[in-house]
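The values are calculated or read from the model by the stated rules, or taken from the named source; none is laboratory data. Just so it is clear, the structure is predicted and the values come from calculations on it, not from any experiment. Heads up, the Cβs are rebuilt from the backbone with ideal geometry, glycines too, and the neighbour counts pull from every protein chain shown. Accessible surface areas use protein heavy atoms only, side chains included; no ligands, DNA or RNA. Shrake-Rupley method; radii C 1.70, N 1.55, O 1.52, S 1.80 Å.
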Amino acid sequence: MSSAAPEPNDAYLIAAALAGLPEAFGTLVERYDRAVYHLCLRTMRDADEARDCTQEAFFKAFRSLRTFKPEAKFSTWIFSIAYHACCDRLARGKRQSRAELPETADPAPGPEAVAELNDRSRALRAAIDALPEKYRTVITLYHLQGKQYEEIARVLDLPMGTVKTHLFRAKELLRKALVTE
Amino acid sequence: MNHDESDELDREIFALPLAEPPPGLRAAILRATVYGPAAAAAPFGRFEIAAIGVCLALAAWFGIACLTGDAGTAELGAFLGLLLHALTQPEIIVWLGVGFLTAAWLSVAGTSPLRLPFGNGRAS
């Protein structure tokens, strides 16, 4: 039997931050920084750029917290800000696209993450990194958000039909890549 | 492709661990937000606080003038009459509307170049 108090939900934490308790935003950072970093890393394929985009996303979210619509999901909002931060950086040409080097795309995985990855998982991650950007992003958000197609569509600012099509094609490419492994 | 293949791939995707953020990332974010400039997440911006302060001061002055009934009340009545007359002019109402809508838009959009993710009316 657990006596731990239930964790406050995102809406409560946002309301608390807006009411003058900025520490509540810290809990949101703890809750989502890893997922946001993962999205940025998969999008940028560069650990330094991903780190900068993650910081930028949370900074923008903090400054714009008043514009957050309570009926929306915070995860979708922060992913959207992070994704657009990545797109802006890519569009500004601050980073030159590199050759597909999936095994070096994540230069600093934690030791437990390395231990968890068996050959099949490593191959899958490599296959995801090798996908074209539009499919890679959809698969990454699918990984982070599950089958919430509408939320993925909001993050990417795409129609839901396009998201489903991209996801279908991405899975086809992954399946082919894994078969040829 | 059959459902079994799709389910298996889904399981594998969802089983992938998230990338490990670099050490110090969370601390850097917290320094820039929670422990940064305190006004960043304040419910009102500086200009809004100033505007609210002016309105409250005017309301307080008006209330005190009404209660004390001092010599300024007659002038205040004349001023309010003039204000009421102005507010019945269509062109003034139009300009006030434009100003109000601009203020509301600025309040929502802010002055940062941040792209509003839900600004396309597709928010849930």
Mean per-residue count of partner chain Cβ within 10 Å for A:49-56 equals 3
The correct ranking of B:61, B:105, B:95, A:77 by accessible area at 1.4 Å, largest first, is B:95, B:105, B:61, A:77
Ordered by number, the GluC sites (Glu not before Pro) in region A:45-76 that occupy a DSSP loop and have at most 16 other Cβ atoms within 10 Å are A:71
Taking only the Cα positions of region B:46-108, the convex hull volume per residue in Å³ is 85 Å³
Rounded to the nearest 10 Å², the accessible area of residue B:82 using a 1.4 Å probe with every protein chain kept is 120 Å²
Counting other chain Cβ atoms within 10 Å of each Cβ in A:21-29 and taking the mean gives 4
Along region A:174-180, Karplus-curve 3J(HN,Hα) (6.51, -1.76, 1.60; θ = phi - 60°) to the nearest Hz, with x for Gly and Pro, reads 5, 4, 4, 5, 6, 5, 7
Once the in-chain neighbours fewer than 8 apart are removed, the lysines whose Cα is under 28 Å from residue A:176 read A:134, A:147, A:164
Expected vector for region A:65-71, Karplus 3J(HN,Hα) from phi with 6.51, -1.76, 1.60 and θ = phi - 60°, integer Hz, x for Gly and Pro, equals 4, 5, 8, 5, 8, x, 7
Rounded to the nearest 0.05, FRET efficiency between residue B:93 and residue B:68 (Cβ-Cβ, R0 51 Å) equals 0.95
Per residue of A:33-46, other chain Cβ atoms within 10 Å number on average 3
